[in-house]
Amino acid sequence: MITIYHNPRCSKSRQCLVLLEESVASHLSDTALEKAQINTVKYIDDPLDFDTLSSVINKLGITPLELVRKNEVIWKEQFKGKTLSDKEVITAMITHPKLMERPIIVNGDKAVIGRPPSRVLEIL
């Protein structure tokens with residue numbers, strides 16, 4: 001199963017979801033397509049828990065800080081310039097999901113940030 005951590009208000013996230021759906025549909029037979037599922041998680045409404053976000057970060061092969069949208073007002077006002085542990089950065093993204101780069105696509109043990117959206121093709 002493929003999971004996309006999606007923010008419907010983000011144009012890149014919407015583009016990535018469409019590309020993902022089209023790519024999955026064009027590469028599978030009708031039978032396989034019925035079995036293939038794309039799990040869409042609207043992470044703003046349903047924030048990830050600590051273990052899930054940690055796992056996603058590991059699959060991305062980056063540090064928690066590399067997943068942070070550092071231009072967000074929340075980051076600038078509450079966290080910028082502070083020395084934070086990885087655990088504190090992950091907790092900040094759980095508390096303020098807007099801080100996460102988006103979209104994130106996970107397929108098994110692989111993951112990418114869908115910027116640009118064509119990156120989703122790397123893990124299909």
Out of the residues in segment 1-17 that are in contact (Cβ under 8 Å) with a residue 60 or more places away in the chain and out of contact with any strand residue (DSSP E or B) (no Cβ under 8 Å at 6 or more places or on another chain), which is farthest from residue 118 (Cα to Cα)?
10
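Here's the yes/no breakdown for (1) aliphatic (A, V, I, L, M); (2) under 19 Å from residue 23 (Cα atoms):
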residue	(1), (2)
69	no, no
72	no, no
76	no, no
83	no, no
88	no, no
98	no, no
112	yes, yes
117	no, yes
Given the conditions (1) closer than 22 Å to residue 10 by Cα; (2) modelled with pLDDT of 95 or more; (3) aliphatic (A, V, I, L, M), which single one is not true for residue 24?
(2)
Which condition number in (1) of a type outside the set (Ser, Thr, Tyr); (2) surrounded by fewer than 21 Cβ atoms within 10 Å (Cβ to Cβ); (3) closer than 23 Å to residue 47 by Cβ is the one that residue 116 fails?
(3)
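The values are calculated or read from the model by the stated rules, or taken from the named source; none is laboratory data. Bear in mind that the values here come from a model prediction, so they are computed numbers and not experimental data. Counting neighbours? That spans all protein chains shown, and the Cβs are built from the backbone with ideal geometry, glycine included.
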